[in-house]
Each structure stands twice: as structure tokens, then as C-alpha cells.
Amino acid sequence: MLARLLSALAAVLLIAGPATAVPTPDSLDRIAEDFVKLTLEAGEREEGYVDAYYGPAEWAAAAKAAPRDQATLRADVRKLTVRLNGVPTTGETPLQARRKAFLAGQLKAADTRLSMALGETFKFADEAEGLFGVRPQLKPLSHYDAVLARIETLVPGEGPLWQRVDSYQNLFIIPTDRLDAVMRAGIAECRKRTAARIALPTEEQFTLEFVKGKSWSGYNWYKGNAVSLIQINTDLPIRIDRAIDLGCHEGYPGHHALNMLLEQKLAKQQGWVEYTVYPLYSPQSFIAEGTANYGIDLAFPEADKVAFEREVLFPLAGLNPAAAKDQVALGAALKDLAGARLTIAQMYLDGEIDRETAIGLVQKYQLVSRARAEQSVRFTETYRSYVINYGLGEEMAKAHVEHAAPDAAGRWKVFEALISEPTVPADLLRR
Ligand SMILES: [Zn+2]
């Protein structure tokens with residue numbers, strides 16, 4: 001009896017032996033695949049979690065059919081993190097190390113976002129660090145009083161400064177019947193300037209749509225295969241400066257360019273599946289929003305911007321071209337207030353001020369009408385600490401690029417690397 005048992009056991013061991021006794025070491029590819037599947041399932045549990053996906057359709061179908069619940073997903077994110085930390089570093093190339101750092105940031109973000117969904121609350125700075133990989137150092141609002149004083153001299157007169165700025169900018173509203181033509185001309189010029197510096201996939205294209213009832217003013221929906229849908233929210237009148245801002249930010253060299261380069265260079269050429277999914281609340285958004293905002297200044301130095309507005313966009317919109325220079329100068333000055341938006345968001349989300357106070361402070365420190373301030377606060381309520389990705393992301397992307405290269409050609413090269421390699425926020429601090 002014993003002999004028979006032993007021989008049966010030996011047979012089992014022989015059959016099972018090689019598979020279980022010598023496990024193959026974990027690989028980044030397998031961890032990446034599990035990360036994508038997990039992200040898709042988290043996306044089934046929270047609307048807006050997944051911003052874009054162009055990986056295998058059967059993975060999306062499987063996630064839809066049987067998504068794990070959020071508590072299980074979070075536990076599985078933590079297991080994936082342990083696996084990632086266990087991948088040997090010996091013989092690792094610099095590119096593999098960067099891939100690992102990227103995956104680590106994405107996993108930390110998933111852990112944080114799922115914890116929020118499960119009812120955990122974070123202070124603004126902790127939430128931002130968990131989701132986007134950057135701990136924001138915010139300046140007090142009083143820091144921006146000097147900027148307000150400077151803008152006073154640009155728009156002198158009676159009444160609250162926000163009202164003067166708002167009335168002045170309303171002189172530059174694009175008439176509805178010219179909106180499509182002006183926006184297309186803006187995007188086309190952004191594309192031309194980007195294509196002169198960065199090789200874009202030949203098949204690339206975008207669709208432009210005007211929509212209403214959104215908490216954002218513009219959005220790029222990346223569809224894969226170098227195709228984007230760019231939407232513009234027309235709830236509020238669109239001013240002329242939005243043509244270049246939006247064209248660069250949502251299009252070139254912003255979101256559309258970043259997404260298609262990541263697809264081409266990392267998802268397709270390297271076969272890195274983690275790039276086929278874009279979880280909105282992740283360090284990827286810090287890089288995406290920061291470079292999209294900085295890309296406006298990179299593509300249009302102030303003098304170029306004035307010339308293009310004066311010669312092309314203003315006439316196309318039926319506006320007085322002589323006003324272009326002053327309007328661009330005001331826009332540049334207003335940019336110095338970008339950080340105030342983050343400080344106000346932090347105060348509001350941490351419960352230091354109420355909604356009404358937040359709206360008032362947005363009016364005072366962003367110099368906008370009540371309607372625009374309400375739109376801004378609604379955005380903060382929806383996307384929360386995501387707001388750091390704009391002001392702070394831009395500041396860090398700009399500092400990184402301009403420190404690395406003194407001239408335009410060099411800056412475009414550094415910029416291209418940021419939007420086509422596995423970049424994490426910490427890379428922006430590297431000098
Ligand atoms: Zn954006």
C-alpha cells in the first residue's frame with residue numbers, strides 16, 4: 001500500500017515537477033499586463049477612471065463582463081506593487097529602470113484612487129502626491145498680490161479689477177459663426193509648428209467637436225492609431241486666445257501629440273502594454289497637462305504669438321488686429337496667477353473655506369466673472385487635486401526644458417523626449 005502511494009506520489013511529482021518547482025522570474029511585461037486588466041476593471045467601477053484605452057478589445061470585454069470590486073482591486077494593486085519591487089535590478093537598462101519607475105507611480109496612483117473610492121479621505125497635498133507623484137508646495141494667496149498690482153497697470157480704471165479684465169477680454173470673443181474657422185486655423189498653426197520640430201505619424205488626424213454642459217473648457221479623447229477627438233465646450237463665449245491655447249494644449253504639441261508618440265514609441269515599438277491604457281488620476285496626467293500647457297509657449301514665443309494673432313486670427317474673427325499686442329501681453333501677465341488656482345483649490349477641498357468664498361477668491365485671483373469662477377470651482381469639485389497638473393506641471397516642465405537647453409531647437413528635443421519616453425514627475429527635477 002505504502003509502495004503504491006509512494007509511486008503514485010512520485011508520478012504526480014514528475015508530472016507537476018518542472019512547472020511548480022522552477023517558477024520563471026516575474027517580468028515587467030507580465031506585471032504590465034496585469035496592471036492594464038486591473039485598470040480596465042477599476043474603470044468599470046468608476047466613470048472617468050480610464051481616460052483612454054486602445055489595447056486588446058478582449059481585455060476590455062473581460063473587464064466589462066466581470067470586474068473585481070474595488071476592495072479586491074486595491075488588494076491586488078498592492079500585490080502587484082510587491083511583485084514589481086521584486087523584479088531583479090541586476091542587468092537592468094536605464095530604459096527598463098524608467099519603465100519600472102513609471103509602473104510604480106501608476107500603481108501608487110491606483111492604490112490612492114481606489115482608497116478614495118472606498119471612503120478614505122486625504123488632505124489635498126497627500127491626495128496630489130498619491131495620485132500624481134508630486135507633493136505640491138503652494139504659495140499663500142498674498143504672494144499673488146504683486147501680480148494683481150502689475151495687471152492693474154495694464155487695465156487701469158474704476159471698479160473691481162476682475163470686472164475690468166473681464167470686460168476687456170470680452171472685446172475678443174469669437175463670433176459664433178466664425179468659431180469653427182478660427183479654432184481650426186489656430187490648431188493648424190500649432191500642428192505646423194510642431195511638425196517642423198517633431199516627426200509625427202503620417203496617418204495622424206483629429207476630429208473637432210463643439211459641446212455644451214461640461215465642467216471643462218476643452219478635452220482631448222485619444223482613440224488610438226494616432227486619432228483624437230478634440231471637444232470644445234461652448235457653455236461660455238470663446239475668446240480669441242483660446243484658439244492657440246487649445247490648439248497647442250489639446251492638439252500639438254500637447255495631448256494629441258503626446259498620446260500618439262507614446263503609442264508609436266512605447267506601446268507599438270517596445271510592446272509595452274501599460275501605455276495602451278491611460279488612467280486619468282495618475283502621474284501620466286502630471287506630465288500630460290504640464291507639457292500641454294508649456295507647449296503653448298514653446299510653440300509660440302510671445303512675439304510669434306502676437307504676429308500670428310494680428311495677421312491671421314484677428315482678421316479671421318473680424319476683430320481689430322491693432323489690439324493683438326496688448327491682448328497677448330495681458331494673457332501673459334494673467335499666466336502668473338496660475339498658482340493661485342491651486343492654493344484656492346487646496347483651501348476649499350481641505351475645508352478651510354466654503355464654496356462661496358472659493359468662488360469669490362477665484363474671481364479675485366484669476367480675474368474672471370462669476371460664471372467663469374463657478375465653472376472653475378465645479379472643475380475643482382469634480383477633479384479635485386488634478387488641478388495641480390496644470391499650474392505646477394507647467395512650471396516644472398518649463399524649468400526642466402529651459403534649464404536643459406538654451407535655444408529653441410534644443411528645447412524641442414528635450415520636450416519631445418518628455419512626451420515620448422517613460423517620464424515620471426521626478427524626471428522633471430533631474431538636471
Ligand atoms: Zn489637458
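Read-outs throughout are calculated quantities, based only on the coordinates presented, and are distinct from any laboratory measurement. Predicted model, so just to flag it, every value in this text is computed and none were measured. Reconstructed Cβ throughout: ideal geometry from the backbone, glycine too, with neighbour counts over all protein chains shown.
Some notes on this structure:
- Helix 70-86 and the long axis of the chain differ in direction by around 80°, with both axes built from C-alpha atoms.
- Segment 159-226: C-alpha gyration tensor shape, a/c 1.5 cut-off, then a/b vs b/c: prolate
- Global form of segment 177-318, assessed from the alpha-carbon gyration tensor, a/c cut-off 1.5: prolate
- Amide H within-cut-off set for ASP51, under 5 Å, with H built and near neighbours excluded: TYR278, LEU280
- Label-point separation in nm, SER215 to GLU374, each point 7 Å along Cα→Cβ: 1.6
- The chain - charge dipole about Cα centre, Lys and Arg +1 at Cβ, Asp and Glu -1, debye rounded to 20: 640
- With all projection directions averaged, the alpha carbon convex hull of segment 192-236 covers 3.9 nm².
- Gaussian network model of the chain, Cα within-10 Å springs - most flexible of ASN259, ASN389, ASN233: ASN233
- Hits among aspartates and glutamates - C-alpha to C-alpha of LYS123 under 20 Å, sequence gap 8 or more where chains match: ASP111, ASP350, GLU352, ASP354, GLU381
- PHE210 long-range amide H proximity, modeled H, under 5 Å: ILE232
- Sequentially through segment 149-156, phi angles give Karplus couplings (6.51, -1.76, 1.60; θ = phi - 60°) of 4, 5, 5, 3, 6, 7, 10, x Hz, Gly and Pro residues having no value and appearing as x.
- Computed over segment 329-419, the Cα gyration tensor eigenvalues convert (square root of 5λ each) into semi-axes of 31, 15, 10 Å, ordered from largest to smallest.
- Among GLU309, GLU289, GLU58, residue whose mean-square fluctuation peaks in a GNM of the chain (springs only between Cα atoms under 10 Å): GLU58
- Inter-label distance, nm, simple model (7 Å from Cα along the C-beta direction), LEU141/ALA417: 4.1
- Dipole check for segment 157-224: with +1 at the C-beta of Lys and Arg, -1 at the C-beta of Asp and Glu, and the Cα centre as origin, the magnitude is about 200 Debye.
- Mean projection of the Cα convex hull over all viewing directions, computed for segment 53-202: 17.4 nm².
- Most simply put, the chain has about 60% antiparallel DSSP beta bridges, counting only bridges with both residues inside it.
- Mean-position separation - Cα centroids, segment 59-73 and segment 302-368, in angstrom: 42
- Distance violations [Cα-Cα > 25 Å] among LYS223/LYS268; LYS335/LYS398; LYS212/LYS413; LYS305/LYS413; LYS214/LYS364: LYS212/LYS413
- Cut-off 12 Å (backbone N to label point 7 Å along Cα→Cβ of ALA71), residues of segment 115-140: 118-119
- When the square roots of the Cα gyration tensor eigenvalues are ordered a ≥ b ≥ c, the ratio a/c for segment 261-405 is 1.5 or more and a/b does not exceed b/c, which makes its shape oblate.
- Among LEU138, LEU298, LEU261: highest mean-square fluctuation, GNM of the chain, C-alpha pairs under 10 Å: LEU138
- Each residue of segment 174-189 was assigned a 3J(HN,Hα) from its phi angle through the Karplus expression (A = 6.51, B = -1.76, C = 1.60, θ = phi - 60°), giving 7, x, 3, 6, 10, 4, 4, 5, 5, 5, 5, 5, x, 4, 4, 5 Hz with x at Gly and Pro.
- Between ARG355 and THR89, the simple spin-label model (points 7 angstrom out along Cα→Cβ) gives 4.8 nm.
- Among ALA101, THR202, PRO67 - extreme Cα towards positive end, dipole of the chain, charges at beta-carbon: ALA101
- A straight Cα-to-Cα reach below 19 Å connects LYS79 with the lysines LYS37, LYS100, LYS108, residues fewer than 8 places away in its own chain not being considered.
- Evaluated at q = 0.07, 0.10, 0.12 Å⁻¹, the base-10 log of the normalised Debye intensity for the chain, with identical point scatterers placed on the Cα atoms, takes the values -0.38, -0.73, -1.04.
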